[in-house]
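Visitor: A single structure is presented below for examination.
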Amino acid sequence: MQQKFPLKNKFPTSSRIIYGCMGLGGGWDNNPVTPENLKLTHEVVETALSVGINFFDHADIYTFGKAEETFSQLFKTDSTLREKIILQSKCCIRFADDKEVGRYDASKDYIIKSVEGSLKRLGTEYLDILLLHRPDPLMEPDEIALAFEKLKKEGKVQNFGVSNMHQGQLALLTRSLPYPLLVNQLEMSLAKHDWVDIGTTFNDCQSRQLRFIGETIEYCRMNEIQLQAWGALANGLYTGAALCNETLDEKDHENVLNTKALLTKLAEKYAVYADAILIAWLLRHPAGIQPIIGTTNLSRIKSVTQALRIELSREDWYALYVTARGHRLP
Ligand SMILES: NC(=O)c1ccc[n+]([C@@H]2O[C@H](COP(=O)([O-])OP(=O)(O)OC[C@H]3O[C@@H](n4cnc5c(N)ncnc54)[C@H](OP(=O)(O)O)[C@@H]3O)[C@@H](O)[C@H]2O)c1
């Protein structure tokens with residue numbers, strides 16, 4: 001049985017898997033969008049829709065705004081599409097330029113300006129959900145509240161959430177915001193499993209090396225904040241052809257090879273592709289996580305959704321977790 005996910009309360013038609021648009025629009029540069037970039041966006045979205053994915057994740061910065069820009073063509077060719085999908089974008093990251101360093105900016109004016117830019121590029125009147133992309137140390141919750149209120153009143157954003165925030169930051173914002181935070185988008189995958197480790201190693205010396213903040217997952221579950229997992233396919237680390245990460249030491253290398261072998265075995269057992277097992281591992285967690293997939297490979301988009309028709313056994317879930325972490329549980 002696959003768990004219900006919190007966002008269903010607000011968006012009953014939402015797909016469990018999200019398509020992440022970071023790879024659309026071409027390069028991270030100011031070159032103009034090409035016909036090839038437009039074609040890829042068209043094919044990727046068509047494919048996602050054909051396998052039931054109707055939730056799309058953007059950010060103002062993705063490929064310097066070109067991911068949003070290429071997406072707008074779809075609304076031009078199908079006027080009914082906008083109402084059929086859930087459109088999420090993010091703001092707050094500002095890149096370095098000749099004058100300024102790279103920084104985060106959750107000031108009222110910048111949030112509003114960023115959303116207006118996203119709407120213009122996307123060619124839509126509203127975002128279903130806006131996320132603050134990363135926690136700005138200078139953020140003032142009361143000021144963010146004013147920005148959210150204005151955007152909601154003007155019909156530009158319907159719901160709000162955050163990304164990469166821990167429970168203290170969520171609680172701080174919640175105290176001032178006029179609307180509930182609907183989403184927290186975090187990096188979570190079989191490769192980035194510290195969000196599980198923090199619970200399994202509490203009160204054990206293994207937890208000393210962890211950087212994940214303790215109760216974030218529990219806070220989100222208790223407050224019905226939808227967890228969305230970015231990097232869900234672990235960037236192809238376990239399922240890609242080559243193991244090209246030069247930063248891996250010998251022990252990590254061995255873990256990756258062991259995890260690859262186990263994924264292959266489980267893919268055979270459940271009669272799905274290995275990429276689907278990676279997603280099934282996230283789906284099996286009782287928090288009701290929404291995995292975000294960023295692949296632009298059309299057959300991979302299809303094969304990943306096989307995860308929705310299987311449920312990993314408790315034993316297989318643990319086997320993957322323990323193999324990927326490379327050492328036994330306390
Ligand atoms: N909130 C945040 O801070 C944040 C940060 C990063 C990303 N995100 C969101 O999350 C989405 C997904 O993140 P992501 O793209 O970093 O992670 P991902 O989905 O784990 O990785 C996608 C990348 O891995 C490659 N890949 C996956 N499986 C592969 C395989 N079997 N063989 C070869 N290559 C494989 C893909 O290449 P192919 O295209 O060739 O398949 C693509 O380059 C993004 O699009 C974005 O929407 C959010």
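Visitor: Only one of (1) over 30 Å from Cys220 (Cα atoms); (2) of a type outside the set (A, V, I, L, M, F, W, C); (3) in contact (Cβ under 8 Å) with a residue 24 or more places away in the chain is not met by Arg300, so which one is it?
Guide: (1)
Visitor: Confirm whether Ala276 is surrounded by fewer than 17 Cβ atoms within 10 Å (Cβ to Cβ) and either touching a Ser or Thr at 6+ places or on another chain (Cβ under 9 Å) or under 28 Å from Glu43 (Cβ atoms) (or both). Give the derivation first.
Guide: Details: surrounded by fewer than 17 Cβ atoms within 10 Å (Cβ to Cβ): no; either touching a Ser or Thr at 6+ places or on another chain (Cβ under 9 Å) or under 28 Å from Glu43 (Cβ atoms) (or both): yes.
Criteria not met by Ala276.
Visitor: Show me the helices (runs of 4 or more DSSP H) found entirely inside segment 214-330 where at least 2 residues are within 11 Å of the ligand (Cβ to nearest atom).
Guide: 250-270, 274-283, 298-304
Visitor: Select, from Leu257, Leu262, Leu298, the only residue that is aliphatic (A, V, I, L, M) and either out of contact with any helix residue (DSSP H, G or I) (no Cβ under 6 Å at 6 or more places or on another chain) or buried (at least 23 other Cβ atoms within 10 Å of the Cβ) (or both).
Guide: Leu257
Visitor: Right, something else. Would you pick out the residues in segment 44-75 that are among the acidic types (Asp, Glu), more than 12 Å from the ligand (Cβ to nearest atom) and closer than 23 Å to Ser299 by Cβ?
Guide: Glu46
Visitor: Out of (1) more than 26 Å from Val183 (Cβ to Cβ); (2) crowded, with 20+ Cβ neighbours inside 10 Å, what's the single condition that is false for Leu320?
Guide: The number of the failed condition is (1).
Visitor: For segment 1-58, which positions are in contact with a Ser or Thr (Cβ under 6 Å, 6 or more places away or on another chain) and aromatic (Phe, Trp, Tyr)?
Guide: Trp28, Phe55 - these are the residues of segment 1-58 that are in contact with a Ser or Thr (Cβ under 6 Å, 6 or more places away or on another chain) and aromatic (Phe, Trp, Tyr).
Every read-out reported here was derived from the displayed coordinates using simple, explicitly stated rules and does not represent laboratory data. Not measured: the values here are computed from a predicted model. Please note: Cβ atoms are built from the backbone with ideal geometry, for glycine as well, and neighbour counts cover all protein chains shown.
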